[in-house]
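Right, one structure below, let's go through it.
We did not get these values from a lab; they are worked out from the coordinates using the rules stated. Being a predicted model, the structure only gives us computed values, none of them experimental. Positions of Cβ are backbone-derived with ideal geometry, glycine not excepted, and every protein chain shown enters the neighbour counts.
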Amino acid sequence: MTHLQCVNCQKHFPLFELRFECDCEGLLEVIHEAEGLRDLPQLAEKRLTSRIPADRSGVWRFREAVVPLEEKEIVTQLEGRTGFHAVESLQKWTGSPGLFIKHEGENPTGSFKDRGMTAAVSVAKRLGMPLLACASTGNTSSALSSYAARAGLKSVVFLPSGKVSLGKMAQTLGYGAHVLAVKGDFDDAMQIVRDLAKAGEVYMVNSLNPFRIEGQKTIIWDILQDMNWQAPDWIVVPGGNLGNTSAFGKAIEEAFEWGWIDKKPRLATIQAAGANPFYKSFLNGFSSLQSIQAETIATAIRIGNPVNFSRASRAIINTRGIVGQVSDKEILAAKAVIDRSGLGCEPASAATLAGLKLMVQAGLVKKEDKVVAVLTGSMLKDTDAIMKSQNLTVEEVEADAKAIKLSLDSLRSKH
Ligand code: F0G
């Protein structure tokens, strides 16, 4: 039977027991029985052409290995139908000819969070939870607000005051969540939500919630399906609270154990240098995690005390992965190139390509390697950052044909 299990002491709990940690305070994860899952890739392939919403979702296409819910229990917005792109300009810029981009910013609310949120909100609805909550740097809150609205549930979100992009704030408000701007940082907001969840006041949908991880796992399976189940050499992802790193590690382990792939890709998590506790811990062999006061232009990953440390370090170790860091300047340079490629992304996402470029320079990634970089959020999530990463101007022009002709002539003469 699918059940919850503590990552520290391995104690078991029923799958839908209302709890977010073990009695020993260890994180919980969903454990699936391998039986019946070995042929899931073939079933998922068939579902690509189905008209049933749960089949068309890039999360629920794999539902037997995500959360075993009935189709009618699933709250879906057809998330996870995201693009897999080979972009020459980005292959050249990073020095990695075998690079593919998985753009999770193409999800319904513009970030990868929809994949985890469809799972967490579906479970919350099944459990009859009246009030859903999260701490967020803006993307989780947008996803929660949207999925809660679709499920007809109330949501409250705790954001670090003044540190969330206007686009994300407006989106979260627009879908209807109650927004509390906490006078503190993300880590303070996270602690508040953990305490409220423990006291039974709210149902927490941060990535401490094991069902969030189950939904986000499907980013990896979707990539593997995009690659016809031939695993790449590397998968590169940005890291903040480390929910994705944890989910990716679990997805890779399971795909390998169930015989879906015959080699494990290596995982590279990239942090912003101003928000790098995981990177520092990697340098000391993950012997400890020192929380820090985080600061970076990539506000999505401005996190100094990642709650998924234990699961995420295991993911890096088990995949022979690495953790890297990049400066804000490197993030903005990568973002400008990604924007100009026509794909576009928000700053946190650009950390992946900035990190990959350094990995190529260091000889860690070889020319012949197949690499998948995950872009986590859409360009429109942070329009301020677009203006900061490039020297952009709008030319004002008189509304007459002569002035416009002059402007077009000067445009044509430019390289
Ligand atoms: N990229 C984007 C665009 C994000 O919004 C986040 C996290 C990350 C990367 C980092 O992912 O936490 O799984 O390591 N955003 C959270 C939020 C914290 O509240 O939206 P992680």
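Data overview
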| item | result |
| --- | --- |
| Segment Arg126-Leu408, length gained on full extension (0.36 nm per residue, minus Cα span) | 95.6 nm |
| Most positive-pole-ward Cα, Gly355, Phe186, Cys22, against dipole of the chain from beta carbon charges | Gly355 |
| Sum of -39500 (n - 2.57) over DSSP H runs of 4+, divided by residues of the chain (222 nm, nearest 500) | -12000 deg cm²/dmol |
| Simple Cβ-charge dipole of the chain, Lys/Arg +1 and Asp/Glu -1, about Cα centre, in debye nearest 20 | 380 debye |
| Order by protection proxy (mean Cβ within 10 Å, highest first), peptides 58-67, 174-183 | 58-67, 174-183 |
| The chain: most fluctuating residue of Pro68, Pro306, Pro210 per GNM, C-alpha cutoff 10 Å | Pro68 |
| Estimated distance in nm for a label pair at Leu166 and Met227, the labels positioned 7 Å out from Cα along Cα-to-Cβ | 4.0 nm |
| Within the range 57-158, percent of DSSP bridges classed antiparallel, to nearest 5 | 40 percent |
| Distant-in-sequence amide H partners of Tyr203 (H built 1.01 Å from N, under 5 Å) | Leu131, Leu132, Ala133 |
| For the range 1-147, size of Cβ-based charge dipole, Lys and Arg +1, Asp and Glu -1, in debye | 460 debye |
| Lys/Arg +1, Asp/Glu -1 at C-beta; the range 44-103 dipole; positive extreme among Phe62, Thr94, Ala44 | Thr94 |
| Rounded to 5, percent antiparallel among DSSP beta bridges of the chain | 30 percent |
| DSSP-assigned coil residues among chymotrypsin sites (Phe, Trp or Tyr not before Pro) in the range 204-288, each with at most 16 further Cβ atoms within 10 Å | Trp229 |
| Gaussian network model of the chain, springs between alpha carbon atoms under 10 Å - residue of Ser287, Ser111, Ser155 with greatest fluctuation | Ser287 |
| Sites Leu173 and Glu201 - FRET efficiency at Förster radius 22 Å, r taken between beta-carbons, to 0.05 | 0.50 |
| Residue list for the range 5-42, given a label point 7 angstrom along the Cα-to-Cβ vector of Glu64 and an amide N cut-off under 18 Å | 31-42 |
| The chain - percent relative contact order, Cα under 8 Å, separation 6 or more | 17 percent |
| Per-residue ³J(HN,Hα) for the range 234-245, Karplus 6.51 cos²θ - 1.76 cosθ + 1.60, θ = phi - 60°, Hz, x for Gly and Pro | 9, 10, 10, 8, x, x, x, 7, 6, x, 5, 4 |
| More than 26 angstrom apart: percent of Cα pairs within the chain | 52 percent |
| Cβ-based exposure ranking for Lys367, Lys168, Lys11, Lys154, in which fewest neighbours within 10 Å come first | Lys367, Lys11, Lys154, Lys168 |
| Stretchable slack from Met387 to Arg38, in nm (0.36 nm times residue separation minus alpha-carbon distance) | 120.9 nm |
| Qualifying trypsin sites (Lys or Arg not before Pro) for the range 376-415 [loop in DSSP, other Cβ within 10 Å: at most 14] | Lys414 |
| Estimated FRET transfer efficiency (Lys366, Ala399; beta-carbon r; R0 51 Å; 0.05) | 0.40 |
| Subset of Lys125/Lys264; Lys335/Lys402; Lys366/Lys388; Lys125/Lys263; Lys102/Lys366; Lys11/Lys198 violating a 29 Å alpha-carbon distance limit | Lys125/Lys264; Lys335/Lys402; Lys366/Lys388; Lys125/Lys263 |
| Histogram of C-alpha separations across the range 11-167, 10 Å bin width, % | 10, 29, 35, 21, 6, 0 |
| Positive-end extreme of charge dipole, the chain - chosen from Gly105, Gln216, Ala149 (charges on Cβ) | Gly105 |
| Test item: Cα-centred dipole of the range 107-212, Lys/Arg +1 and Asp/Glu -1 on Cβ, debye | 300 debye |
| Per-residue Cβ neighbour rank within 10 angstrom, fewest leading, Cys6, Cys134 | Cys6, Cys134 |
